[in-house]
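Read the structure below first, then the notes.
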Amino acid sequence: MIVVMMGTCATGALSVAALRPALIRFIVPMMAGLIGALVLHGDAISLFLAATCAAFLATTLKFAQQQHRVLTQSLVTRFEKEALASQLSVQMAA
């Protein structure tokens, strides 16, 4: 079950990376619930798994925010390129 939740979190992070608030609201509650349940279980293996899930959460958030920055920069660059192309076509027509 842990692997399924972590896989859902990782694949969902890429799906919602375009919106930073959606990214936080999707990943954190899912993993926080899993981490909390493992900590409440209390044995050594559960605590180890909780620590591993916390590291996975931090890593996934880091990569998803990098993906968000790449998507944002890509859109900004695209619109700048379109504006430059339109200015060039106006200058070429004149």
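The values are calculated or read from the model by the stated rules, or taken from the named source; none is laboratory data. Here the structure is a predicted model, which means the values were calculated and not measured. Virtual Cβ from ideal backbone geometry, glycine too; neighbours counted across all protein chains shown. What goes into the accessible areas is simple: the full protein's heavy atoms, side chains included, and nothing from ligands, DNA or RNA. Shrake-Rupley method; radii C 1.70, N 1.55, O 1.52, S 1.80 Å.
What are the residues in region 1-24 that are over 14 Å from Gln67 (Cα atoms) and either exposed (fewer than 12 other Cβ atoms within 10 Å of the Cβ) or of a type in the set (Gly, Ala, Ser) (or both), if any?
Filtering region 1-24 for residues over 14 Å from Gln67 (Cα atoms) gives 1-9.
Once the filter is applied, which keeps residues that are over 14 Å from Gln67 (Cα atoms) and either exposed (fewer than 12 other Cβ atoms within 10 Å of the Cβ) or of a type in the set (Gly, Ala, Ser) (or both), region 1-24 yields Met1, Val3, Val4, Gly7.
Residue under question is Ala10, and the condition is that it be in contact (Cβ under 8 Å) with a residue 40 or more places away in the chain and outside any helix (DSSP H, G or I); does it hold?
Details: in contact (Cβ under 8 Å) with a residue 40 or more places away in the chain: yes; outside any helix (DSSP H, G or I): no.
No; evaluated as a whole, the condition is false for this residue.
In region 40-59, what residues are of a type in the set (Phe, Trp, Tyr) and open to solvent by less than 60 Å² (accessible area, probe 1.4 Å)? Show your work before the answer.
From region 40-59, those of a type in the set (Phe, Trp, Tyr) are 48, 56; that's our starting set.
Residue satisfying the conditions is Phe56 alone.
Can you give me the number of residues within region 25-39 that are farther than 16 Å from Gly7 by Cα and either open to solvent by 60 Å² or more (accessible area, probe 1.4 Å) or in contact with a Ser or Thr (Cβ under 9 Å, 6 or more places away or on another chain) (or both)? Let's see the steps before the verdict.
The first filter runs over region 25-39 and keeps only residues farther than 16 Å from Gly7 by Cα, leaving 25, 36-39.
Restricting the remaining residues to those that are either open to solvent by 60 Å² or more (accessible area, probe 1.4 Å) or in contact with a Ser or Thr (Cβ under 9 Å, 6 or more places away or on another chain) (or both) gives 25, 37-39.
Final tally of qualifying residues: 4.
Determine the pairs where a residue that is surrounded by 10 or more Cβ atoms within 10 Å (Cβ to Cβ), located within region 65-93, has a partner that is at pLDDT below 90 with Cβ atoms under 7 Å apart, the partner being 6 or more residues away or on another chain.
From residues that are surrounded by 10 or more Cβ atoms within 10 Å (Cβ to Cβ), the pairs are Gln67/Leu14; Gln67/Ala17; His68/Ala17; His68/Ala18; His68/Arg20; His68/Leu23; Leu71/Ala17; Leu71/Ala18.
Leu34 passes all but one of (1) under 15 Å from Thr8 (Cα atoms); (2) without any contact (Cβ under 8 Å) to a residue 24 or more places away in the chain; which number fails?
Going through (1) under 15 Å from Thr8 (Cα atoms); (2) without any contact (Cβ under 8 Å) to a residue 24 or more places away in the chain one by one, Leu34 breaks only (2).
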